[in-house]
Amino acid sequence: NHDIDDAIRAGFITKEDFFKEEVLCGYKVTTEMKKVFVKMIDILEEVKRICTKYNISYVVSGGSLLGAVRHKGFIPWDDDIDIAMFRKDYDHFIEVAQKKPLQPCHSCRQQGRKTGRTGFHTLRPNNR
């Protein structure tokens, strides 16, 4: 959550302001949801770290891309991160994520089909 920490240090917002409930696009964003957003940023930073270190290509997609463009952040009711990779990059990412220790608070679990052209993994904090 470097961007949030930087904004707090620069005096643009206070921590209390960031986590305060607010209404965005007619949807109430709770303090709990804002905490989820911070965890999502942490997870995305972990994906970026792995992909950069192992030269794996990825893009933010779906609702995460829409949120970044339309809302300049997250869609207020979206509680996941959508990331797309070519199959070879996806397979490499999963291989690395399962063999190399991720940052201590993250785990990688199989979801969906194990074979074929589709499938996905969930990368999340261990306490969730």
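General remarks:
- When all protein chains stay in place and ligands, DNA and RNA are ignored, the 1.4 Å accessible-area order of MET40, MET33, largest first, is MET33, MET40.
- Qualifying trypsin sites (Lys or Arg not before Pro) in region 33-101, where qualification requires a DSSP coil assignment and no more than 15 other C-beta atoms within 10 Å, comprise LYS72.
- Ranking by accessible area, most exposed first, for THR52, THR30 with a 1.4 Å probe: THR52, THR30
- The amide H of VAL29, built 1.01 Å from its N in the peptide plane, has GLU22, VAL23, LEU24 as neighbours under 5 Å, considering only residues 5 or more places off or on other chains.
- Our coupling estimate for region 17-28, obtained by passing each phi through the Karplus curve with A = 6.51, B = -1.76, C = 1.60 and θ = phi - 60°, is 5, 4, 8, 6, 4, 7, 9, 10, 6, x, 10, 6 Hz, Gly and Pro reported as x.
- For THR31, net neighbour charge (Lys/Arg +1, Asp/Glu -1) across residues whose Cβ lies under 9 Å away: +1
- Near ILE83, the amide H atoms lying under 5 Å from its own belong to SER61; only residues 5 or more places off or on other chains count, and H is placed 1.01 Å from N.
- Other residues within the sphere of radius under 14 Å centred on the Cβ of LEU65, judged by their own Cβ, net out at -1 (K and R +1, D and E -1).
The values are calculated or read from the model by the stated rules, or taken from the named source; none is laboratory data. The structure presented is a predicted model; accordingly, all values stated were derived computationally and were not measured. As a convention, Cβ positions derive from the backbone with ideal geometry for all residues, glycine included, and neighbour counts pool all protein chains shown. The area values use the complete protein model at the heavy-atom level, side chains included, leaving out ligands, DNA and RNA. Shrake-Rupley method; radii C 1.70, N 1.55, O 1.52, S 1.80 Å.
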